[in-house]
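Engineer: Before anything else, here's the structure in question.
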Amino acid sequence: MTMEADTDLVVSAPAATVSEAVRTPWTEFWRKFRKQKVALIAGAFVALLVLIAIAAPWIVPYDAENFFDYDRLNAPPSLRHWFGVDALGRDIFSRILMGARISLAAGFVSVAAGALIGTLLGLVAGYYEGWWDRTIMRICDVLFAFPGILLAIGIVAILGGGMTNVVVAVAVFSVPTFARLVRGNTLALKHLTFIEAARSIGASDWTIIARHIFPGTISAVVVYFSLRIGTSIITAASLSFLGMGAQPPTPEWGAMLDAARSDMLTAPHEAIFPALAIFFTVLAFNLLGDGLRDALDPKIERR
Amino acid sequence: MLQYIVKRLLGVLPTLLIVALFVFLFVHLLPGDPARLAAGVDATPETVELVRKDLGLDKPLPQQFVRFLSGVIHWDFGTSLRTKRPVAQEIGDRFMPTFWLTVWSMVWSVIIGMAIGIVSAVFRNRSPDRIGMTLAVSGISFPAFAFGMVLMQIFSVQLGWLPTVGADTWKHYILPSLTLGAAVAAIMARFTRSSFVDILGEDYIRTARAKGLDETHVVIKHGMRNALIPVVTMMGLQFGFLLGGSIVVEKVFNWPGLGRLLVDAVDMRDYKVIQALVLLFSLEFILINLIVDVLYGIINPTIRYR
């Protein structure tokens, strides 16, 4: 985070001029990013989560959906069941691990789709302006006119419940964010001299957009990407909590919390573990996003 | 100024119209026949036809849209399929609890959020900043529904200080508004901090300090007014977040508000209610952003109205 940046920058600034002869954007990024301990830890945690999500089916101690320990209904955490047992006798630890797969996939796929479409629209709107710009931005305005989760609920109401539709819904509301962001960057970049130079040697519009403008927008997109994944995971979990997303017996974290509501008094562990799972996952993505922003935003350096 | 407000108001009209069109088309995007949906599962084909005529679903789409619009203008959203009561009446009953819930959440979260943000900016990179920003990043990472469950468990169930569900007295408002406002307070804190950090680095702040003003004066009088400009814009956006968040929080606290009405309506496929609520929520959001735009003009005199 920014807090670390100040003191460290002073130390490294003189050395940089001598030793680092070649400064690609990558080395520059890495030089700043690796100083942010919090973001590094968050990044490592995200990597661990991804590994868990991929390996979940092979590392879970019990089957997350079809194993029922009838002798230990609502049992608190123990050596046999690390996170305890839920009301139907299922192992909560196994369900949390499998849930990581669902939440990460939902967060990643929805934001990736939203970022892809949004970036394309933003590039087109910013580069061509005129009619394209007005139409695309008007659509974004309309999408923005629906407060966050409401749009997702509307889409789920049309398409029906289930995780796939939740992913579609979350993707749709990520589109305008990325479109606006990229459009702004494109507008700022397109009047610069190197774009003019590219055009004067006869580069086509698409070459200019893909080779010269798009790279200039990447850093902003990457930062938003990480921050958006956190938001999307919460939104997807919220929809499942409302009963519109993942349906039982799917071990989705939000759905698990909803199911735990009736047993809050006697078995709070059924709510605590999925809540913590969502919290740490989203926290990691947010801290990673903060770190990426501090490393990629040139404005930060002067602070 | 007045001219500016009128101009912004007119600028909102096309967006409103498109939103209304979306909401109108929504019914036709639903899988299945809306007339059959309205008539019920075991209605005879004749009844379905009658209902279709009655709801005007046999007319061409543009004509239906005009009818829908004139209904909306007259505050007539049709009849709820579930309760058979007018949708406007259903909404009227539920409006105030949600309204007050969002207002209270907004009030405390803006005050607390901005206070944390200002303190963090003033004590940048020192412990108050670290504590404040740790709280803030935790706030945006903890899902509202989980936070609400935790609060309810501690203060209502374990300690017994506050009621669990319902919206009868002011005590009922404490936990839901805390739950709903937490994320907004966190976002406001982060945003206020970065806005203040920018401002406190400006030359005129150095001038103010150089002429011997005490720090409180510098921060409150010189910093505040300029740092607040982007913060006010952020506030408007957050209101949308609150409106959306209320849907989730109302389920946790079994709140008799619009959010729960919407969730129930989606469950029961009560499309008349869904339509009206989606329209109402968006309308509210658009109006609030309009108000924010006007406020923005008032606190930022460098904006000239054409």
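Bear in mind that the values in this text are calculations on the coordinates, not laboratory data. These figures come from a predicted structure and were not determined experimentally. Using ideal geometry, Cβ is built from the backbone for each residue, glycine included, and neighbour counts are taken over all protein chains shown.
Engineer: Extension gain residue B:170-residue B:50, at 0.36 nm per residue separation less the Cα-Cα distance, in nm? Kindly include the intermediate steps, with their values, before the conclusion.
Structural biologist: Working: separation 120, 0.36 × 120 = 43.20 nm, distance 4.76 nm.
Once the chain is fully extended between residue B:170 and residue B:50, it gains 38.4 nm.
Engineer: Using Cβ counts within 10 Å as a stand-in for footprinting exposure, how do B:164, B:179 rank, fewest first? Each step should come with its number before you reach the end.
Structural biologist: Details: B:164 15, B:179 27.
Fewest-to-most ranking of B:164, B:179: B:164, B:179.
Engineer: Among the helices of chain A (complete DSSP H runs), which have Cα atoms covering no less than 30 Å along the helix axis and a Kyte-Doolittle mean of at least 1.0?
Structural biologist: Values: long enough: A:37-59 (32 Å, 2.37); A:92-128 (52 Å, 1.52); A:163-190 (39 Å, 1.10); A:214-241 (39 Å, 1.35); A:269-296 (40 Å, 1.12).
Span-like helices, by this rule, are A:37-59, A:92-128, A:163-190, A:214-241, A:269-296.
Engineer: Ignoring everything except DSSP H segments at least 4 long, calculate the 222 nm mean residue ellipticity for chain A; use -39,500 (n - 2.57) per segment, divide by total residues, nearest 500. Could the numbers behind the result be given before it?
Structural biologist: Details: 11 runs with 214 residues, N = 303.
Using -39500 (n - 2.57) per qualifying helix, the result is -24000 deg cm²/dmol.
Engineer: Same structure again: Can you list the residues, at least 5 places off or on another chain, whose amide H is less than 5 Å from the amide H of residue B:162, using H built in the peptide plane?
Structural biologist: Here the answer is B:156, since their amide H atoms fall under 5 Å of that of residue B:162.
Engineer: Which helices pass in chain B if a helix is a full DSSP H run, must span at least 20 angstrom along its long axis by Cα, and must have mean Kyte-Doolittle hydropathy not below 1.6?
Structural biologist: On the way: long enough: B:2-29 (40 Å, 1.97); B:87-122 (50 Å, 1.22); B:127-141 (21 Å, 0.48); B:170-200 (40 Å, 0.84); B:224-252 (39 Å, 1.20); B:271-299 (42 Å, 1.93).
Both cut-offs are met by B:2-29, B:271-299.
Engineer: To continue, here is another question. Find how many whole Å separate the alpha carbon centroid of region A:153-193 from the alpha carbon centroid of region A:77-94.
Structural biologist: About 38 Å separates the Cα centre of region A:77-94 from the one of region A:153-193.
Engineer: Rounded to the nearest 20 debye, what is the charge dipole size of region A:30-73 about its Cα centre when +1 sits on each Lys and Arg Cβ and -1 on each Asp and Glu Cβ? It would help to have the intermediate numbers written out before the result.
Structural biologist: Values: 6 positive and 4 negative charges, 185 e Å.
Value, rounded to 20: 880 debye.
Engineer: Name the lysines eligible as straight-distance cross-link partners of residue A:190: C-alpha to C-alpha under 27 Å, and not fewer than 8 places from it in the same chain.
Structural biologist: Here the lysines satisfying the reach criterion relative to residue A:190 are A:299.
Engineer: Please average, across the residues of B:145-152, the number of beta carbons from any other chain that are within 10 Å of each residue's own beta carbon, and give a whole number.
Structural biologist: Working: counts 12, 16, 2, 0, 10, 5, 0, 2.
The per-residue average across the peptide is 6.
Engineer: Also, I was wondering about something else. Report the Cα centroid-to-centroid distance between region B:111-146 and region B:250-264 in angstrom, as an integer.
Structural biologist: After rounding, the separation between the Cα centres reads 29 Å.
Engineer: Would you list which lysines come within 19 Å of residue B:53, measuring only between C-alpha atoms, while excluding same-chain residues fewer than 8 positions from it?
Structural biologist: Result set, ordered by chain and number: B:84, B:272.
Engineer: Between residue B:131 and residue B:217, what length comes free when the chain is fully extended (0.36 nm per residue of separation minus the Cα-Cα distance, one decimal in nm)?
Structural biologist: Numbers: separation 86, 0.36 × 86 = 30.96 nm, distance 2.42 nm.
Residue separation times 0.36 nm, minus the Cα-Cα distance, leaves 28.5 nm.
Engineer: Between residue B:9 and residue A:134, take the C-beta separation as r, use R0 = 25 Å, and let me know the FRET efficiency to the nearest 0.05.
Structural biologist: Working: r = 20 Å, r/R0 = 0.80.
Working from the Cβ atoms, E equals 0.80.
Engineer: Starting with the fewest neighbours, write out B:195, A:200, B:120, B:156 ranked by other beta-carbon atoms found within 10 Å of each beta-carbon.
Structural biologist: Details: B:195 22, A:200 8, B:120 27, B:156 17.
Least to most surrounded, the residues fall as A:200, B:156, B:195, B:120.
Engineer: Given the Cα-Cα distance of residue A:261 and residue A:67 and 0.36 nm per residue of separation, how much length would full extension add, in nm?
Structural biologist: On the way: separation 194, 0.36 × 194 = 69.84 nm, distance 2.15 nm.
Length gained between residue A:261 and residue A:67: 67.7 nm.
Engineer: Still on this model: Give, rounded to the nearest 20 debye, the magnitude of the charge dipole that the protein assembly as shown has about its Cα centre when Lys and Arg contribute +1 at Cβ and Asp and Glu contribute -1 at Cβ. Can you show the working numbers first?
Structural biologist: Details: 52 positive and 46 negative charges, 336 e Å.
Dipole of the protein assembly as shown, to the nearest 20 debye: 1620 debye.
Engineer: A further question follows. Take B:1, B:224, B:152, A:137 and order them by how many other Cβ atoms sit within 10 Å, fewest up front.
Structural biologist: B:1, B:224, A:137, B:152
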